[in-house]
Amino acid sequence: MISCHAAEDPIKKVAIFGGTHGNELTGVFLVKHWLENGTEIQRTGLEVKPFITNPRAVKECTRYIDCDLNRVFGPENLGKKMSEDLPYEVRRAQEINHLFGPKDSEDSYDIIFDLHNTTSNMGCTLILEDSRNDFLIQMFHYIKTSLAPLPCYVYLIEHPSLRYATTRSIAKYPVGIEVGPQPQGVLRADILDQMRKMIKHALDFIHNFNEGKEFPPCAIEVYKIMEKVDYPRNESGEIAAIIHPKLQDQDWKPLHPGDPVFLTLDGKTIPLGGDHTVYPAFVNEAAYYEKKEAFAKTAKLTLNAKSIRSSLH
């Protein structure tokens, strides 16, 4: 009989990144705590390394110093000759790639969890970069099941023109964790507790997998990014309308054609165009004003994963 499960190598090296954006404080706070006392993140036979990715931005409590660290891990930046003239985050990306990579090599870390906060009402969100990755789909299924009844959403950023070179992308299995709503430069106990639980369940999954547990076939619901929507703007390029109150805080809720999306200062409602329902994410995210993104439109779909177990068992 042919085995129907996918045999995967056991996981040996895991990193937990905090402070990729220096004003998203839950990851910063947790990673600093785990650097002092990492008992809760240790699992037998597994190397788990907590790491502050952008220490200068953390010190300044700002998103970044020169450019967004979470966008510069492409081959062009990683391949640049190291020099003081490079933006701080590009130099830092090269250092991180050296420590945890090199990207796309056998030596790179198995898994990187990159901890983020959002000002949007997105709750617990896992970010997936590859819809065909059985191991990550199984892990996300385990985390979602373990967190229930607390909802946990999966944001799929697999889109040819909308993907970007994330900090975590140097790992074989990159995992983005996004928890909100939380203002920049602020800590909230409930958000911190949710992120801490997500990491706990993820590490438990890895431990169970390494111990030889077989995970049967599973399916998860995901929200795949389709388009980024900018605010309406005037001739000078300034924002001319704001997120409508009926859309504010409605991340992951169905948004139908004709539903209110923006509101002008003279009271005019701008509705959703098109002919199909979308699911908004990152609604009115503070950090995305500079990126000209009012929200992202996503489509809801189901991903299936084969049964998996460690190749050692």
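Condition (residue is assigned to a helix (DSSP H, G or I) and surrounded by fewer than 19 Cβ atoms within 10 Å (Cβ to Cβ)) applied to segment 21-32: is it met by at least one residue? Yes, the conditions are met somewhere in segment 21-32.
Filter segment 185-229 down to the residues that are over 18 Å from residue 143 (Cβ atoms) and of a type in the set (Lys, Arg) and list them by number. Of everything in segment 185-229, those that are over 18 Å from residue 143 (Cβ atoms) and of a type in the set (Lys, Arg) turn out to be 188, 224, 228. Residues that are closer than 20 Å to residue 285 by Cα, touching a residue at least 40 places away in the same chain (Cβ under 8 Å) and either open to solvent by less than 10 Å² (accessible area, probe 1.4 Å) or among the basic types (Lys, Arg) (or both) are absent from segment 198-221 altogether.
Could you please let me know if residue 306 is surrounded by 15 or more Cβ atoms within 10 Å (Cβ to Cβ), in contact with a strand residue (DSSP E or B) (Cβ under 6 Å, 6 or more places away or on another chain) and basic (Lys, Arg)? In short, yes.
The values are calculated or read from the model by the stated rules, or taken from the named source; none is laboratory data. The shown structure was predicted, so the numbers you read here are calculated from the model rather than taken from an experiment. Neighbour counts run over all protein chains shown; Cβ positions are idealised from the backbone, glycine included. With ligands, DNA and RNA removed, areas are computed over all heavy atoms of the protein, side chains included. Shrake-Rupley method; radii C 1.70, N 1.55, O 1.52, S 1.80 Å.
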